[in-house]
Structure formats: structure tokens, C-alpha cells
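Colleague: Next up is a structure, given as C-alpha cells.
The values are calculated or read from the model by the stated rules, or taken from the named source; none is laboratory data. Owing to the predicted nature of the structure, the values given are computational and were not obtained by experimental measurement. Counting neighbours? That spans all protein chains shown, and the Cβs are built from the backbone with ideal geometry, glycine included. Protein only, heavy atoms only, side chains kept; ligands, DNA and RNA dropped before computing areas. Shrake-Rupley method; radii C 1.70, N 1.55, O 1.52, S 1.80 Å.
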Amino acid sequence: MSTTLIVVIVLVLLVVIGIGIYNRLVALRQRCNQAFADVDVQLKQRHDLVPNLVETVKGYASHERETLEAVIQARNQAVKAEGSGNVAAMSQAEGVLGATLGRLFALSEAYPDLKANANFQQLQAELSDIENKIAAARRFFNNAVGEYNTSREQFPAVVFAGPLGFAPREFFDLGEAERDRLDDAPQVSFGKP
């Protein structure tokens with residue numbers, strides 16, 4: 001075999017490997033984009049539900065204005081962050097919204113009529129369902145991001161990834177406020193008769 005033929009075979013082999021790596025990274029990036037879109041859809045549903053929930057609570061606890069305004073402000077910040085496409089900003093804003101919604105639901109304990117309201121119960125059940133869907137979508141997104149980041153950092157893909165524009169992706173983190181809320185164990189107390 002001549003040297004030229006060996007060089008051509010090696011070059012063709014490198015091109016085939018490069019095409020395979022490129023196609024795999026494109027597929028993984030698209031999976032991340034799809035997973036992010038799934039999270040986005042669930043967050044939009046959550047954001048649409050919050051104003052109805054606040055209006056229901058207003059009817060029973062109108063003098064809890066500070067809490068209601070905090071929920072609306074957190075929702076507006078979450079919607080704004082969602083429009084930015086910045087995963088870190090979205091994570092933080094969603095964590096704050098989750099914490100303020102927790103305070104809103106705590107109000108229902110102080111207002112038995114609100115707690116018994118069928119509309120409030122339905123909205124609370126819908127929000128709980130959406131929260132579960134958001135958690136599942138976040139897990140799927142973070143799994144897709146992990147697989148993508150791992151693939152782009154492995155050899156030989158790491159050689160091609162940077163020059164071909166495959167930047168690392170950020171995980172959808174809970175954010176400090178939500179993490180602190182989840183770290184606090186619920187307190188159970190049995191009242192004396």
C-alpha cells in the first residue's frame with residue numbers, strides 16, 4: 001500500500017468519526033431543548049393558575065395583602081425570567097415562587113372557610129398536580145443535560161465540541177429559596193386535649 005492511500009483512509013476515517021460525533025451532539029442538544037420546552041410548558045401552566053388562586057384567597061383573607069402581593073410579585077418575576085431563557089434565573093425565580101406559594105397555602109390553615117372552599121381545594125389540587133409534573137420535567141431536563149454535558153466532554157468529542165459550537169448546558173437547579181424550604185423538616189405537634 002502506498003503512503004497516500006493510508007493517509008486518505010485515515011482522513012476518511014477521521015471524517016466519519018467526526019460526523020458521528022457531531023450528529024450525536026446535535027441529537028443530545030435537541031433532546032435538551034425538548035426537555036427544556038417541557039419544563040417551560042409546565043411552568044406556564046403554573047403561572048396561569050397562580051392568579052386564580054390569589055383571587056380565591058383574596059375573598060377570604062383580603063387583609064393578608066402582603067402575602068398576596070408577594071405571590072403576585074414572585075409570579076411576575078418567574079414569568080419575566082421564563083422569557084429570558086436563562087436557566088439559572090428561571091430556577092431562582094421559580095424557587096421564590098414556590099416559597100411564596102407555600103406561605104399562601106399556610107394561610108388556609110388560619111381560615112377554615114377558605115380551606116373548605118371547593119374552588120380553593122380544586123386549585124390546590126391542580127397546583128399540586130402541576131408541581132409533580134414540573135418536578136418530573138426538571139428531572140428529565142437535568143438528565144438530558146447531564147447526558148449532553150458528559151458526551152461533549154468525553155474524548156474524542158471534546159476535541160470537536162468547542163470548535164463546533166457545542167457549549168455546556170446548565171442544570172435546572174431548585175434555587176436557594178426552594179432548597180431552604182425543602183431542607184426544613186415539617187414540624188409535627190400533637191396538641192394537648
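Colleague: Could I get the Rg over Rh figure for the stretch 95-155? Both from C-alpha atoms, Rh via Kirkwood, rounded to two places.
Modeller: That ratio is 1.27, to two decimals.
Colleague: Any idea of the accessible area per residue across the stretch 62-131, 1.4 Å probe, to the nearest Å²?
Modeller: Averaged over the residues of the stretch 62-131, the accessible area is 52 Å².
Colleague: Rg to Rh ratio, the chain, alpha-carbon atoms and Kirkwood radius?
Modeller: That ratio is 1.22, to two decimals.
Colleague: OK, next. Taking 0.36 nm per residue of separation and subtracting the Cα-Cα distance, what length does fully extending residue 132 through residue 22 add?
Modeller: Fully extending the segment from residue 132 to residue 22 adds 36.1 nm.
Colleague: Here is a further query. Within 14 Å, Cβ to Cβ, of residue 24, how many net charges do the neighbouring residues add up to if Lys/Arg are +1 and Asp/Glu are -1?
Modeller: Around residue 24, the charge tally is +1.
Colleague: Would you tell me the accessible area of residue 164, worked out with a 1.4 angstrom probe on the heavy atoms of the protein chains, in Å² to the nearest 10?
Modeller: About 80 Å², ignoring ligands and nucleic acids.
Colleague: Note down the relative contact order for the chain as a percent, whole number, built from C-alpha pairs under 8 angstrom at least six residues apart.
Modeller: 32
Colleague: Going from most exposed to least, what order do 36, 140 have by accessible area with a 1.4 Å probe?
Modeller: Accessible-area ranking of 36, 140, largest first: 140, 36.
Colleague: Measure off, as a whole percent, the carbon and sulfur share of the 1.4 Å-probe accessible area of the stretch 41-185, all protein chains present.
Modeller: Answer for the stretch 41-185 is 51 percent, counting heavy atoms of protein chains only.
Colleague: Work out the count of Lys pairs in the chain where the Cα-Cα distance is under 26 Å, with the pair 8 or more places apart or on different chains.
Modeller: Close lysine pairs found across the chain: 9.
Colleague: Within the chain, which complete DSSP H helices have Cα atoms spanning at least 15 Å along the helix axis and a mean Kyte-Doolittle hydropathy of -0.5 or higher?
Modeller: 3-60, 87-110
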